[in-house]
Amino acid sequence: MAPFQTFTARLLRSTALSELTRHLEFEMKDVPRFGFVSGQWLSFKTNNPRGEEITRAYSIASPHAEDNRFALCLNRVQDGFMSNYLCDIKAGEEIRCQGPFGDFILRPPLRDTIFIATGTGIAPLRSMLQWLFSAPDAEATRHQGRQLWLVFGNRTEDVVYYHQEFLQLAQAQPNFHYLPTLSRGAPDWRGLRGYVQDHVPAIAAGRTDMHAYVCGLDKMIKANRELLKSLGWDRKSILYEKYD
């Protein structure tokens, strides 16, 4: 088997999404076009101060486009070398990576769909949604007028990543429904409260002709898979990616 191709990614800009989370925009050096499918991930490699090679995987948070750019959304992890390394690098610095990998991608034909995420699990779902809705009007067949819901759970309002972006998308696209929910929302929070699985039945009950894409920590994924199966969903209609 041939080895996977190694690319060099150069950081273009790094933007804070919260105290511990950053949106990182890269370009692949010496590659005019970098192909991937929304939902896939890349494997990043660098050496720690002891000279040991560290490898970590991160989902792409931007849609496939006709260029060599991509974005990540990642948290600083306590004692996590790679996450802190990436959060600290400056524009112009470079890192090696391989990929793309993964089959957490949209399954054709597109159905009415629930996208369910917590925290940085939003990354591959943002990639999917941006791709579905970023096409010119002539290519609106990407989303085919299907009803698409994003149920996005977090603890507090300051960590609802890409919140304004999703609000604007919901305002512009009548078939996209954005449902942010907070488990520890402040008294003035006007959105939903509780966990993502609290709000899925209102969408999924009585429906077995939909898809669900679920991304986040294992406990949340298990809760939503069990819930949807209890509502009569086929397990093959529930696609997921675990971040732990």
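The values are calculated or read from the model by the stated rules, or taken from the named source; none is laboratory data. It should be emphasised that the depicted structure is a prediction, and the values quoted were computed from it without experimental measurement. Cβ atoms come from the backbone with ideal geometry, glycine included; neighbour counts cover every protein chain shown. Only protein heavy atoms, including side chains, enter the accessible area calculation; ligands, DNA and RNA are left aside. Shrake-Rupley method; radii C 1.70, N 1.55, O 1.52, S 1.80 Å.
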Inset, instruction - Can you work out which of the residues in the range 148-159 that are open to solvent by 10 Å² or more (accessible area, probe 1.4 Å) and β-branched (V, I, T) is nearest to Y213 (Cα to Cα)? - result: V159
Legend entry - Residue pairs meeting the criteria (Cβ under 9 Å; at least 6 apart or on separate chains; first closer than 20 Å to D234 by Cβ and at pLDDT 95 or above, in the range 190-205; second part of a loop (DSSP other than H, G, I, E, B) and open to solvent by 50 Å² or more (accessible area, probe 1.4 Å)): V200/L231; P201/L231; I203/Q147; A204/L231
Inset, instruction - Give me a count of the residues in the range 55-88 that are surrounded by fewer than 18 Cβ atoms within 10 Å (Cβ to Cβ) and aliphatic (A, V, I, L, M). - result: 3
Legend entry - Conditions (1) in a helix (DSSP H, G or I); (2) modelled with pLDDT of 95 or more; (3) of a type outside the set (S, T, Y): number failed by A140: (2)
Inset, instruction - Evaluate the range 233-242: report whether one residue or more is in contact with a Leu (Cβ under 8 Å, 6 or more places away or on another chain) and open to solvent by 80 Å² or more (accessible area, probe 1.4 Å). - result: yes
Inset, instruction - Within the range 151-208, track down each residue that is touching a Gly at 6+ places or on another chain (Cβ under 8 Å), part of a helix (DSSP H, G or I) and of a type outside the set (A, V, I, L, M, F, W, C). - result: E157
Legend entry - Residue list for the range 111-137, filter: modelled with pLDDT of 95 or more, among the aliphatic types (A, V, I, L, M) and in a loop (DSSP other than H, G, I, E, B): none
Inset, instruction - Being open to solvent by 50 Å² or more (accessible area, probe 1.4 Å) and within 18 Å of T120 (Cα to Cα) narrows it down to one of L182, L167, so name that one. - result: L167
Inset, instruction - Please state which one of I114, I105 is within 26 Å of A204 (Cβ to Cβ) and surrounded by 23 or more Cβ atoms within 10 Å (Cβ to Cβ). - result: I114
Legend entry - Inter-residue pairs, beta-carbon under 6 Å, first free of Cβ contacts under 8 Å to residues at least 40 places away in the same chain and in the range 146-158, second open to solvent by 60 Å² or more (accessible area, probe 1.4 Å), 6+ apart: R155/R184; T156/R184
Inset, instruction - Determine whether the range 130-138 contains at least one residue that is touching a Lys or Arg at 6+ places or on another chain (Cβ under 7 Å), open to solvent by less than 10 Å² (accessible area, probe 1.4 Å) and not acidic (D, E). - result: yes
